[in-house]
Structure formats: C-alpha cells, structure tokens
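Heads up, the thing below is written out as structure tokens.
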Amino acid sequence: QVQLVVSGGGLVQTGGSLRLSCAASGRTFSNYATGWFRQAPGKEREFVATISWSGTNTYYADSVKGRFTISRDNAKNTVCLQMNSLKPEDTAVYYCASGSYGTTRYQGSYDSWGQGTQVTVSS
C-alpha cells in the first residue's frame, strides 16, 4: 500500500476555488491510477475524478465535469484536484485514493486511502 496525505480543504463561497493535494509515500505511486472521492453528510461516498498512472487519461463525474481538473506530478508523488466554480452541493469530505490498475470510479479498485479533507461551500 501507499500512504496518502490530503491537504487543501477549507471554507469558500459559491463560485470560488480550492485546490486539493494528495501527497504519497511508500509504494511506487506512479504505477497506479489515483482517484478523488467525496462524501457529503448523510450520503454515500461518491466518485469525483480519476487519473491514470501516466496522467494521460482522466475521467470525471458528470456533476463536476468542466469545473474540476485532476492532475498529477509523479516526480513529486502528488495528485491535485483543482476545483473551480464551486457550488454548495460540492460540500463534502474529499478523499484521495490510489492503487487501482485502471481509471475507474469503482471504489473497491483502490487499496489506499487518505484521511480526507473538509470542503465547505457557503451560499
């Protein structure tokens, strides 16, 4: 497994931006796809975005497409999620996950999870 540390959450107004970072250590991070997931209060954790090991392929949930951008820097063992045009419905705890052999929204494909960071979007 790989150890993941998530940072960058906070409170922002509707329409604002935040950038989340996921820093990895341990297993070779660059060999695996990495994803972002989120869990809103009272709801199940859901897929947000994922990026292939090389950074070539990215996929997004329809709810964030066009507003969020996932990227990675394998030299720095980091994956970032740039979130623009934030909406109150984006409020959730955001998690980084690694270990999938492919870009998938299926949570069970990822074997390493970060601790989560709170993102709150005020209206």
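The values are calculated or read from the model by the stated rules, or taken from the named source; none is laboratory data. No experiment lies behind these values; they were computed from the predicted model shown. Counting neighbours? That spans all protein chains shown, and the Cβs are built from the backbone with ideal geometry, glycine included. With ligands, DNA and RNA removed, areas are computed over all heavy atoms of the protein, side chains included. Shrake-Rupley method; radii C 1.70, N 1.55, O 1.52, S 1.80 Å.
Here segment 13-123 is assigned +1 on the Cβ of each Lys and Arg and -1 on the Cβ of each Asp and Glu. Its dipole about the Cα centre then comes out at about 140 debye. Close amide H partners of S112, meaning residues 5 or more places away or on another chain with modelled amide H under 5 Å apart, are S98. Between E89 and T56, what length in nm is gained on full extension when 0.36 nm per residue of separation is reduced by their alpha carbon distance? Difference between extended and current length: 9.0 nm.
Need one number for the chain: average projected area of the convex hull over its C-alpha atoms, nm². Provide the component values of the computation, followed by the final result.
On the way: hull surface 26.4 nm².
Mean shadow area of the hull around the Cα atoms is 6.6 nm².
Judged by a Cβ-Cβ distance under 4.7 Å, the unpaired cysteines of the chain are C80.
What separates the Cα centres of segment 30-93 and segment 1-29 is a distance of 9 Å. A 1.4 Å probe run over the chain, with the rest of the protein chains in place, finds 49 Å² accessible per residue.
So for each of 74-85, 30-41 I average, over its residues, the number of other beta carbons within 10 Å; can you give me the resulting order with the highest mean first? Write out the running numbers ahead of the final one.
Numbers: 74-85: 17.7, 30-41: 20.2.
Highest mean packing first, the order is 30-41, 74-85.
Surface composition of segment 55-117: carbon and sulfur make up 46 percent of the accessible area, probe 1.4 Å.
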